[in-house]
1. In the range C:85-99, which residues are open to solvent by less than 40 Å² (accessible area, probe 1.4 Å) and assigned to a loop (DSSP other than H, G, I, E, B)?
2. Output the residues belonging to the range D:112-135 that are touching a Phe, Trp or Tyr at 6+ places or on another chain (Cβ under 7 Å) and modelled with pLDDT under 85.
3. Which residues, taken from the range E:104-118, are surrounded by fewer than 13 Cβ atoms within 10 Å (Cβ to Cβ) and either under 27 Å from the mean Cα position of the chain (by Cα) or not hydroxyl-bearing (Ser, Thr, Tyr) (or both)?
4. Out of everything in the range B:1-47 that is in contact (Cβ under 8 Å) with a residue 24 or more places away in the chain and of a type in the set (Phe, Trp, Tyr), what residue ends up being surrounded by the fewest Cβ atoms within 10 Å (Cβ to Cβ)?
5. Does the range A:242-259 include one or more residues that are small (Gly, Ala, Ser) and open to solvent by 30 Å² or more (accessible area, probe 1.4 Å)?
6. Report whether or not residue A:200 is open to solvent by 10 Å² or more (accessible area, probe 1.4 Å), more than 10 Å from chain B (Cβ to nearest Cβ) and in contact with a strand residue (DSSP E or B) (Cβ under 8 Å, 6 or more places away or on another chain).
7. Identify, from the list E:95, E:109, the residue that is in the same structural domain as residue E:221 (by TED's automatic domain parsing), touching a helix residue (DSSP H, G or I) at 6+ places or on another chain (Cβ under 7 Å), at pLDDT 90 or above and more than 28 Å from residue E:169 (Cβ to Cβ).
8. Within the range D:172-184, track down each residue that is at the interface with chain E (Cβ under 9 Å from one of its Cβ atoms) and buried (at least 21 other Cβ atoms within 10 Å of the Cβ).
Amino acid sequence: EETEIERLVAKCDAFDVVWINVIGLADLDLIRLIGKTFNIHQLTLEDINNIHQRAKYENFEEYDYFITRMARFDADIENRIETEQLSIILMDKFVLTFQLIEVDCLDPVRRRLKEKSGLIRERGNDYLVYALIDSVIDHYFPIVDQLGDRVTDFDDALQKDETTVSAIEVHQVRRELLSLARLIRPHREMLSRILREPSRFSAQTRLFLNDCMDHALQLGETIETNREICSDLRSYHLALIGNRTNDVMKTLTIVSTIFIPLSFIAGLYGMNFEYMPELKWKLGYFAALGAMAAVAVSLLAWFRSRGWFGT
Amino acid sequence: EETEIERLVAKCDAFDVVWINVIGLADLDLIRLIGKTFNIHQLTLEDINNIHQRAKYENFEEYDYFITRMARFDADIENRIETEQLSIILMDKFVLTFQLIEVDCLDPVRRRLKEKSGLIRERGNDYLVYALIDSVIDHYFPIVDQLGDRVTDFDDALQKDETTVSAIEVHQVRRELLSLARLIRPHREMLSRILREPSRFSAQTRLFLNDCMDHALQLGETIETNREICSDLRSYHLALIGNRTNDVMKTLTIVSTIFIPLSFIAGLYGMNFEYMPELKWKLGYFAALGAMAAVAVSLLAWFRSRGWFGT
Amino acid sequence: EETEIERLVAKCDAFDVVWINVIGLADLDLIRLIGKTFNIHQLTLEDINNIHQRAKYENFEEYDYFITRMARFDADIENRIETEQLSIILMDKFVLTFQLIEVDCLDPVRRRLKEKSGLIRERGNDYLVYALIDSVIDHYFPIVDQLGDRVTDFDDALQKDETTVSAIEVHQVRRELLSLARLIRPHREMLSRILREPSRFSAQTRLFLNDCMDHALQLGETIETNREICSDLRSYHLALIGNRTNDVMKTLTIVSTIFIPLSFIAGLYGMNFEYMPELKWKLGYFAALGAMAAVAVSLLAWFRSRGWFGT
Amino acid sequence: EETEIERLVAKCDAFDVVWINVIGLADLDLIRLIGKTFNIHQLTLEDINNIHQRAKYENFEEYDYFITRMARFDADIENRIETEQLSIILMDKFVLTFQLIEVDCLDPVRRRLKEKSGLIRERGNDYLVYALIDSVIDHYFPIVDQLGDRVTDFDDALQKDETTVSAIEVHQVRRELLSLARLIRPHREMLSRILREPSRFSAQTRLFLNDCMDHALQLGETIETNREICSDLRSYHLALIGNRTNDVMKTLTIVSTIFIPLSFIAGLYGMNFEYMPELKWKLGYFAALGAMAAVAVSLLAWFRSRGWFGT
Amino acid sequence: EETEIERLVAKCDAFDVVWINVIGLADLDLIRLIGKTFNIHQLTLEDINNIHQRAKYENFEEYDYFITRMARFDADIENRIETEQLSIILMDKFVLTFQLIEVDCLDPVRRRLKEKSGLIRERGNDYLVYALIDSVIDHYFPIVDQLGDRVTDFDDALQKDETTVSAIEVHQVRRELLSLARLIRPHREMLSRILREPSRFSAQTRLFLNDCMDHALQLGETIETNREICSDLRSYHLALIGNRTNDVMKTLTIVSTIFIPLSFIAGLYGMNFEYMPELKWKLGYFAALGAMAAVAVSLLAWFRSRGWFGT
């Protein structure tokens, strides 16, 4: 097998831009062999195999090493975000990428490489690496937008019909925004370091990376804004609940406060004492009814004066 | 058409300050042609056509490129803020601007150019670009002020009549302030970079840009302050709701707690047992009434001692 | 009039320190004339006339320009803070100040100039400017202290008698602290820039400006601390309300939960069925009373076991 | 005893990498003796004995001094985190470590030293120190992960069955995350200073330390994220409680508001007035029942119209 | 008197380290005299007399000036923290300290000077100043620890017995932590500036100051952590109150909801209509009792199905 890789590498000498895409990391021997062939540092090999890392950029003598994380919605569970690590090694003559499974977000780059036979091929390895990173970052947009749409839906729902949005949904979206923010922040740091430090990227390509950085910034800001809206929605929701409880309480209080005294009066004349003068009166019953009406009306007036019928 | 543009450009040689304002971005061929004529980088052309970007500043070899966002209230929907992207390219001999629709906030600049035939014409292209950016920033003031007025109205309303402001309105204003803050922050970063880095702006014009920066800072601060007041209002609103619920509860509790025992006493003597000595007593009825009065008075005294009639 | 100013200026040649204090900004021609006489940049003149600016410092070739804001309590409305802009121009031979109305906080400086005929006169224009800025900053102390006292009063009141402080007062003070913080922050930035950058201030005077910076820092911190205490008070207030509602609820629940079953028993034997054996019993009435007492006592015991009589 | 240590040290001359691991700090004389033998500064000796310090790095002329804190779950009390201070001194020829008790997290290093007889032995003292620090940091991962799992469990529980998670558990985890964050932050600062400043670490080893820094960053972020989720859970919990109270209130209000008027009607006709015309009516009883049904139905309709049966 | 001081100073020529400790600041003439004798700047004299300043460090040509604040618990009022300003002037040949009252926290330094006759005397004035600052900082530890213990007590109490801690106590401790944080932050800034800038401290002493800085950092972190725990406790407390209110409400609702319908049935058959067929039935009474039991049981079943008897 060794000879096979070496023979392959030898053949590549003819090309200016060579992208070797390794899919599957289970065969440790193969990874080690590739590492040896391309003179890759042991730490980098460990990073490639440890697939739960944050995006980062490291400058080695013989190559630049990038970790990026590709995100997509889970195919099975709705709204669950899945990520996969893509390791990129930029050497003078090669670009090596490593990923665990075949599903990725690099097809736009592959298509451009096959179709427009120009641009990437002309501009060298560093431009290819830019194209890969750019493709990874751009694939965050639909995810962030989808979450943003859900937040906007919540907001609209709350403003129209108060009860549609449950706290649990806002909580879920907020949590996913949190994990997205945590994915994107390291990419921003990575790009910022690439742009700040001397590296294998030409001034040409740096202009494009700048653009990529803009996208990362925009992603970060959109997420931050949506997270803030979520916590605003939460506060608003709490206020709504408080208002509703207040409303329910008022109903109960009005009804109870009016009828409890009336029932008391009724109870009073339901007593069986032998000597109760009012019971003998001709108009006793109507007097009692009148007293009840008077109590009810004055209580209602008092409630009105306190503004309980206002809103 | 090509010749037309080139002929136009050739004619401009005679002028010191030339402002070409492109309105409408639908005709991609035309944009590409302009790009070719003026030697504009592909990335810039993409940025011009992608009209959902944050304000930024990019230094290219042959020109400086600025994206700004013009904001105005939507003509149709009340209190909805709309934005439009204005791309500005500052070259040694030309100023190019690109916008999607004709409505903009640059009329003050146009008027000054036509009327006072001086100042801008004298001071060169960089001053014209300053005037454009300044005009964009200045148009945020009435919007921010209007939102600030609404916040102040809420605050005044809460302090006078507790129930006028609904949580939903505060929530809406806070959300709009959030999106405004998100629009203005990149402008501030843009101006800060222009002032920090070497660029096509003369020391003269930089003084004016400094002024512009001051305005952007002031906008940012006003928004921040209003956002803080909004969240203070929200907290205050929550406390009010809590207070009101407490108030309603107290009314209910006082009425219930007094009448429930009284009703019990009345119920007691409403029982139909054959042998109930109190019922035969001459003053049984009045004794019962007296007991009820005693219970009521002592409960009222207890409530007063707990301060429930205080506020 | 022109000659008058020029004649005045000419006369000033004899003095080392000359302070020209312009009160009233309505006469635009006069301002423009002064601007021309002293060679003041158009931007500065605009800043002088635009009286709603934040404190700032600008270094021009021929002078240093400072905006400060003087604060005082409104004479008419209690606890309302008013501010006025004081523009200071420090030139090699002159100090110019501009203000809208005559009321200001510079009297201490004027008095020192008149009385102690020394110090300021000796130390030159830059020391005079320091004295002016210092006087402006020092006048914030009584305002901040007065607000701090109100916060402390609230805190003490809450700790002694729970109901004296209303949420609205805390809200008002917090809002005023916010606007004060917004006034003082730019002064701090201004002083920090003066101390950092080369300017017309001698090393001597810088020591004094350092002192002034200390005061500004202390003001900022006091405000921040008071704002934090205010939001602590707010949280505490919310907890109190919650506690009180809980207390009220407990009272209601204890009374209701005890008497509702008792009333039910009474109601039971108030029914008019022809065949109700208990009614005929000799001790039926007392048995019913006994049952009621048993119910009441066991409910009370249950409440006690849940700790509802604890606090 | 002195001679014994000196003899030991003398013997070590033959080896490139020498690690002296001092366990137990009770024998102050011994510590002082070691200090004298290896020329250790008095401040370092004090730091070694004062076992409640935060991680730090200090550069002395003759050695670099590191304090790290090893964390593990308490063997006796569930979920309680215990820490122990590990002091590391890196000299040109020796690595000295000091710890209070024998239990530590350095076994992986010891094993590697014994087994793979290579790597650490080859790379010198600085690599050994890296291996020690790395081992300390890596031992935080299972702890942070365990806490993260508990947070995730809470989150899942809340989303499935609303009542399983109590506020007290979230509060405890949040508190432990806080103390973990406080442990890890100084390690991050320590590593950052080592990487920034010139020190005894070779460029080789710095690559590895960089990796270690990545781990520390990742730990910090995981903790931060979990802490945020905890406070989100708390808010969510509050909303749930509010919702539940609202729900309970609604039940009470519906039942009370329907039956209180009905009971009042019943009470009305339970009065014993001699002259009550309705009582004589043939259909009086059924009319009363009908009136009650009408009241109940209209109240139910009103509740439905207010959406109280919605969720 | 003048001669007396000068004579004293002259005598000091023989010593390397001279500490002059001025207690009491009322005698302004004396302070001015000392100022003149030692060539102290007017600003420093003002600072010495103005005893409400934050800790700071100022570098003058002839001396370094430090303000520190010593804290201790008030002797009379429990848990009240008192502070006193200690001004330190470090000259080449003298160390001057100024304080208002005799009570201070410098006794450890005095004792070391008297007893161990070594160390401080050997190491010069700068080490003495370090010892003074160190002593001031170290005296914050018992105060911070005591507050930390109270916070821990609250936490433990809340976790065991929910009702022991009142919101007011948490509020007080949080407030005191806030004022402590405000005291310590300037000390940290002071130390950081001393370590960063060139000053009269030898490289030797700087090592010790570094240690002192570590202590200040640790104090700041402990305070911050405790403040966070306090606000966690507050949130937790709010949740507890909410839970308790919910609990009380549930009890009320269960009892009311069961007995109100039962009482209604009882009331129904307490009506005095002449024609009520059920009243004549032989088993009418028992049928009514059966109906009541059926209602009660089905309501209890419904509550159980909603999980109201869960926790």
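The values are calculated or read from the model by the stated rules, or taken from the named source; none is laboratory data. Keep in mind that this is a model prediction, so the values were computed, not measured. For neighbour counting, all protein chains shown are included, and Cβ atoms are generated from backbone atoms with ideal geometry for every residue, glycine included. Note: areas computed on protein heavy atoms with side chains; ligands, DNA, RNA excluded. Shrake-Rupley method; radii C 1.70, N 1.55, O 1.52, S 1.80 Å.
1. Here is the first cut: in the range C:85-99, the residues open to solvent by less than 40 Å² (accessible area, probe 1.4 Å) are C:85-91, C:94-99.
Listed by number, the list holds a single entry, C:91.
2. D:120
3. Pass one, the range E:104-118, residues surrounded by fewer than 13 Cβ atoms within 10 Å (Cβ to Cβ): E:107, E:111, E:114-118.
Residues satisfying the conditions are E:107, E:111, E:114, E:115, E:116, E:118.
4. Per the stated criteria, the residue is B:38.
5. Pass one, the range A:242-259, residues small (Gly, Ala, Ser): A:242, A:256.
The next check asks that each one be open to solvent by 30 Å² or more (accessible area, probe 1.4 Å); those that pass are none.
The answer is no; no qualifying residue exists.
6. Details: open to solvent by 10 Å² or more (accessible area, probe 1.4 Å): yes; more than 10 Å from chain B (Cβ to nearest Cβ): yes; in contact with a strand residue (DSSP E or B) (Cβ under 8 Å, 6 or more places away or on another chain): yes.
So residue A:200 passes the test.
7. Numbers: E:109 fails: at pLDDT 90 or above.
The match here is E:95.
8. Within the range D:172-184, D:174 is the sole residue that qualifies.
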